[in-house]
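Trainee: Below are the structure tokens for one structure; questions will follow.
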Amino acid sequence: CDGVLVDSEPAMAEISALAFQDYGAPATAADFLPFIGQGEQDYFGQVARKYNLTFGETLRTHIYVKYLELAQALVKPFPGVRDLVLRLKESGYRIAVASSSEKIKVEANLAVLKLPGQTFEAVITGSDLERKKPYPDIYLMAADRLAVHPAQCLVIEDSTSGVIAGKAAKMKVIGFTSAHTADELKAAGADDVVDDPGEVIGLLRSEHLG
């Protein structure tokens, strides 16, 4: 979801830094970038430890309240991604969202897309499982919810931890260069890399991802 469907990573980092500053920590957006895609215990927790804060329910709630206040203004769909999702749906692909983010954040981000109801047959979030990416659990759960074999699934990921998770689930993985470079995504194991969501259709038609 984050970094693939919507350009939320810069917004999340900016909003998180503002929330930490409310608690007296001189956090910056850059503090959060190394933990993209790893779930909130790392994303928020690691930065909290850096600034000697306790990442508990009070800080967690404050971050998400701030995110909900600012998301509609700061979070935007990636150009072409809404059309990609609709084209995939019309072509018969079954689509799931598998995000390490908590349910409240995923729902806010999906609302930004303004897609028809039931576009996604399953939405798995960090609220649904203990082990986050780079473990494969979230993708295996997505395959189970869709009732398909993992080998029949294709993951689109922007984070290196997500690429590792997808490959560990024995799935094909396309890296999207919104958060990491093509070289970083390939080094993590991505089968192919795109700079634009529209390129995914071409890869799906190709022999090795067909």
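The values are calculated or read from the model by the stated rules, or taken from the named source; none is laboratory data. On a predicted model such as this, the values are computed, not experimentally measured, just so you know. Note that we place each Cβ from the backbone using ideal geometry, even for glycine, and neighbour counts take in every protein chain shown. Protein only, heavy atoms only, side chains kept; ligands, DNA and RNA dropped before computing areas. Shrake-Rupley method; radii C 1.70, N 1.55, O 1.52, S 1.80 Å.
Trainee: Would you please list the contacts, defined by Cβ atoms under 6 Å and residues six or more apart or on different chains, that run from a residue in the stretch 1-26 that is without any contact (Cβ under 8 Å) to a residue 24 or more places away in the chain to a residue that is in a loop (DSSP other than H, G, I, E, B) and open to solvent by 20 Å² or more (accessible area, probe 1.4 Å)?
Mentor: Filtered contacts from the stretch 1-26: ALA17/THR28.
Trainee: Could you check the stretch 37-53 and list, in sequence order, the residues that are among the polar types (S, T, N, Q), outside any helix (DSSP H, G or I) and modelled with pLDDT of 95 or more?
Mentor: Passing the criteria: only ASN52.
Trainee: Of the residues that sit in the stretch 182-210 and are assigned to a helix (DSSP H, G or I) and β-branched (Val, Ile, Thr), which one is farthest from ASP7 (Cα to Cα)?
Mentor: Kept after step one, since they are assigned to a helix (DSSP H, G or I), are these residues of the stretch 182-210: 182-188, 199-205.
Pick out the ones that are also β-branched (Val, Ile, Thr) and you get 200-201.
On the way: VAL200: 17, ILE201: 20 Å.
Ranking the candidates gives ILE201 first.
Trainee: Then there's this: When you go through ALA179, ALA151 one by one, which is the residue that is farther than 17 Å from LEU88 by Cβ, in a loop (DSSP other than H, G, I, E, B) and aliphatic (A, V, I, L, M)? Please lay out each step first, then the result.
Mentor: On the way: ALA151 fails: in a loop (DSSP other than H, G, I, E, B).
Residue meeting the stated conditions: ALA179.
Trainee: Could you please find all residues in the stretch 81-102 being out of contact with any helix residue (DSSP H, G or I) (no Cβ under 9 Å at 6 or more places or on another chain) and assigned to a loop (DSSP other than H, G, I, E, B)?
Mentor: GLY92
Trainee: Quick check: anything in the stretch 172-182 in contact (Cβ under 8 Å) with a residue 12 or more places away in the chain, open to solvent by less than 50 Å² (accessible area, probe 1.4 Å) and of a type in the set (D, E, K, R)?
Mentor: No, that holds for no residue.
Trainee: With respect to the numbered conditions (1) at positive phi; (2) within 19 Å of the chain's Cα centre (by Cα), which one is the sole condition not fulfilled by ALA96?
Mentor: Tallying (1) at positive phi; (2) within 19 Å of the chain's Cα centre (by Cα), ALA96 fails exactly one: (1).
Trainee: Would you call ILE156 surrounded by 15 or more Cβ atoms within 10 Å (Cβ to Cβ), among the β-branched types (Val, Ile, Thr), part of a strand (DSSP E or B) and in contact with a Pro (Cβ under 9 Å, 6 or more places away or on another chain)? Break it down into steps so the answer makes sense when it comes.
Mentor: Details: surrounded by 15 or more Cβ atoms within 10 Å (Cβ to Cβ): yes; among the β-branched types (Val, Ile, Thr): yes; part of a strand (DSSP E or B): yes; in contact with a Pro (Cβ under 9 Å, 6 or more places away or on another chain): yes.
In short, yes.
Trainee: Do we have LEU140 as open to solvent by 50 Å² or more (accessible area, probe 1.4 Å), hydrophobic (A, V, I, L, M, F, W, C), in contact (Cβ under 8 Å) with a residue 24 or more places away in the chain and not in a loop (DSSP other than H, G, I, E, B) here? It would help to see each step written out before you state the result.
Mentor: Details: open to solvent by 50 Å² or more (accessible area, probe 1.4 Å): yes; hydrophobic (A, V, I, L, M, F, W, C): yes; in contact (Cβ under 8 Å) with a residue 24 or more places away in the chain: yes; not in a loop (DSSP other than H, G, I, E, B): yes.
So LEU140 fits the description; yes.
Trainee: Can you name every residue in the stretch 103-128 that is outside any helix (DSSP H, G or I) and open to solvent by less than 20 Å² (accessible area, probe 1.4 Å)? Show your work before the answer.
Mentor: Looking only at the stretch 103-128, we keep the residues that are outside any helix (DSSP H, G or I), and these are 114-125.
Scanning the stretch 103-128 gives THR119, ALA122, ILE124, THR125.
Trainee: Would you pick out the residues in the stretch 1-36 that are among the small types (Gly, Ala, Ser), open to solvent by 20 Å² or more (accessible area, probe 1.4 Å) and in a loop (DSSP other than H, G, I, E, B)? Even if it seems obvious, please write down each step before you answer.
Mentor: Our first condition is that a residue be among the small types (Gly, Ala, Ser); within the stretch 1-36, this holds for 3, 8, 11, 13, 16-17, 19, 24-25, 27, 29-30.
Okay, now just the ones that are also open to solvent by 20 Å² or more (accessible area, probe 1.4 Å), so 24, 29-30.
The answer is GLY24, and nothing else.
Trainee: Still on this model: For the condition in contact (Cβ under 8 Å) with a residue 24 or more places away in the chain and of a type in the set (A, V, I, L, M), what is the one hit in ALA188, ALA147, ALA151? Don't jump to the end; show me each part of the working.
Mentor: Numbers: ALA147 fails: in contact (Cβ under 8 Å) with a residue 24 or more places away in the chain; ALA151 fails: in contact (Cβ under 8 Å) with a residue 24 or more places away in the chain.
Step by step, each of ALA188, ALA147, ALA151 is checked, and only ALA188 is in contact (Cβ under 8 Å) with a residue 24 or more places away in the chain and of a type in the set (A, V, I, L, M).
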